[in-house]
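Remarks on the structure that follows.
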Amino acid sequence: MNDKSTWEFGTRQVVYGAIGAALYGVFSWATNIFPLPAAGNITFRPAIAVLIFFAVAYGPWVGLLAGFIGNTLGDGLTGWGFYWHWSLGNGLIGLVAGLAMAGISDFKARGDIIKAVGWGIAGIAVGMLFASLTEMWVGGIDLNTALFGYFTPAFLGNTVVTVILLPILMIAFAAVASRRGR
Amino acid sequence: MLVTWKYRPRNTFIQRLDPRTRFLFMFSVIFGLTIPEIWDFRIILPLFAISLTLYLLARIEWKDVRRVWIFIFIFLSLIIGLNALLSGRGGPSSVTSIPSPVLFYVPILDLFGWMVPITISKAWFALNQMLRMLTMAILAIPIPYTMDPNVYGTAFKRMGASDNVSFTMDLAFRFLPTFARDFTITVDAQRARGYEMEALKGGLVERIKRLSPLIIPVVMQSTVTGEEVIDAMDLRAFGTSKRTWIKTLTYAPRDYFMLGLGALIFITCCVLKWGFGIGDYFVPDFFTAFFVG
């Protein structure tokens, strides 16, 4: 399924980094077309579960690249532009979530799924906090706006999506991987 | 549903620039404004003029960017502007610490007697803040419309990224239409089975769960595709030696001009702020006089 050298960066990481990025970009763009009804200013981006899944399955480099490039692609497809700090924040989500890879051996085991979700939430906290705090420096917002206007809704929205969709993705992946035999 | 890049060749000065030049120039302006913390409108205004000129030179059609501008306008006025006007925070502490006449009070929590004073300093800061943000944003907005998606990988490679990172970027751009097509096919297939895309019912958890028939097939198929691509790349000995790239990028004189301008902007901002103490926040007399005579 995957080898356990967490920081290896070879052909596998290049390919899955690219696939993760392309999927993250496509799903981010797609949810702009079919927005998920949400409360208040909480934003739901189902694609975040895909990013965390790729990070958990293929490691931190894949997570970093899929998050950074995927966010850039999603923003590009919708025509927003290039916001390096939000792309880097998304990359950090993947990087931190990818640290779970070494500790996961069975993608359908409850313990491993909880571990993956935990690392995913930690990644969301780090990545969104980085992007929100950097917005203070780049956009000139104050700490309250950064924490309560940006970080809190982004963290809550992404966490809800991860808790629901990541286990489904992991169980589906376990079935596919066992059929494939690697 | 068709995934299309916003990019279109337009034969403009902006599109003739090397993509590296455009990234480096954008970062020069962003870092020039943010690292030395420039809040002086006499510096921000000329930079805004340069950014706006470059944006206009890109000749992007209004219908293409209308939605983006609506978003930017709402973001700037409601989040950035209103926040700056009410709190005066998010910039230098001098916005709220310098003595400034009160224009009016906003009753935020009237019952508890909490009245927020809107001072001339806060009003000027809000304008400054929006202009500063806009200066950076209008350099970023044209990128997807005017930069060929095929050159991103090469551009990052030429800016010092490793072969692996650049190839990941290049590959991601190539995978994008394939996965978008797979997603479209999946959506159509699920609709044919009675999946109601436009009317996701149930609570929040149920709604998110119901997205899985659209997401899971595409993601799982992509992991299978990935193994095939890895095999193909391994057979071609990917990663065993330095790569060459089909697209070549060369700097033209116009690129050197823009790179020089970018460097000049960044250095000038740093020297003015740290060398001469110019660039701090202050309220110009004409603005105060406009309100208090």
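May I ask you to list the residues in region B:63-80 that are buried (at least 19 other Cβ atoms within 10 Å of the Cβ) and of a type outside the set (V, I, T)?
Scanning region B:63-80 gives a single hit, B:L76.
Is it true that some residue in region B:232-243 is within 30 Å of the chain's Cα centre (by Cα), surrounded by 12 or more Cβ atoms within 10 Å (Cβ to Cβ) and free of Cβ contacts under 8 Å to residues at least 40 places away in the same chain? So that I can check it myself, show each step before the final result.
First, pick out the residues of region B:232-243 that are within 30 Å of the chain's Cα centre (by Cα): none.
The answer is no; no qualifying residue exists.
Report the residue count in region B:197-213 for those that are assigned to a helix (DSSP H, G or I) and more than 24 Å from A:G17 (Cβ to Cβ).
7
Would you be able to say whether some residue in region B:214-229 is outside any helix (DSSP H, G or I) and out of contact with any Cys (no Cβ under 8 Å at 6 or more places or on another chain)?
no
Mind checking which helices (runs of 4 or more DSSP H) fall wholly inside region B:138-196 and carry at least 3 residues that are surrounded by fewer than 18 Cβ atoms within 10 Å (Cβ to Cβ)?
Answer list for region B:138-196: B:163-192.
Which condition number does A:G140 fail, the rest of (1) surrounded by fewer than 22 Cβ atoms within 10 Å (Cβ to Cβ); (2) closer than 30 Å to B:S93 by Cα being met?
Unmet for A:G140, out of (1) surrounded by fewer than 22 Cβ atoms within 10 Å (Cβ to Cβ); (2) closer than 30 Å to B:S93 by Cα: (1).
Does at least one position in region A:103-117 carry a residue that is over 23 Å from B:W39 (Cα atoms), outside any helix (DSSP H, G or I), β-branched (V, I, T) and in contact with a helix residue (DSSP H, G or I) (Cβ under 6 Å, 6 or more places away or on another chain)?
Within region A:103-117, one or more residues are over 23 Å from B:W39 (Cα atoms), outside any helix (DSSP H, G or I), β-branched (V, I, T) and in contact with a helix residue (DSSP H, G or I) (Cβ under 6 Å, 6 or more places away or on another chain).
For region A:126-176, enumerate the residues that are small (G, A, S) and outside any helix (DSSP H, G or I).
Correct list: A:G139, A:G140.
Kindly indicate whether any position in region B:106-118 is over 30 Å from B:D170 (Cβ atoms) and either within 11 Å of chain A (Cβ to nearest Cβ) or among the aromatic types (F, W, Y) (or both).
yes
Which of the residues belonging to region B:94-138 are in contact with an Asp or Glu (Cβ under 9 Å, 6 or more places away or on another chain) and at pLDDT 90 or above? Steps first, please.
First, the residues of region B:94-138 that are in contact with an Asp or Glu (Cβ under 9 Å, 6 or more places away or on another chain): B:94, B:128.
Of everything in region B:94-138, just one residue is in contact with an Asp or Glu (Cβ under 9 Å, 6 or more places away or on another chain) and at pLDDT 90 or above, namely B:N128.
The values are calculated or read from the model by the stated rules, or taken from the named source; none is laboratory data. What you are looking at is a predicted structure, and each value in this text was computed from that prediction instead of being measured. We place every Cβ from the backbone using ideal geometry, glycine too, and count neighbours over all the protein chains shown.
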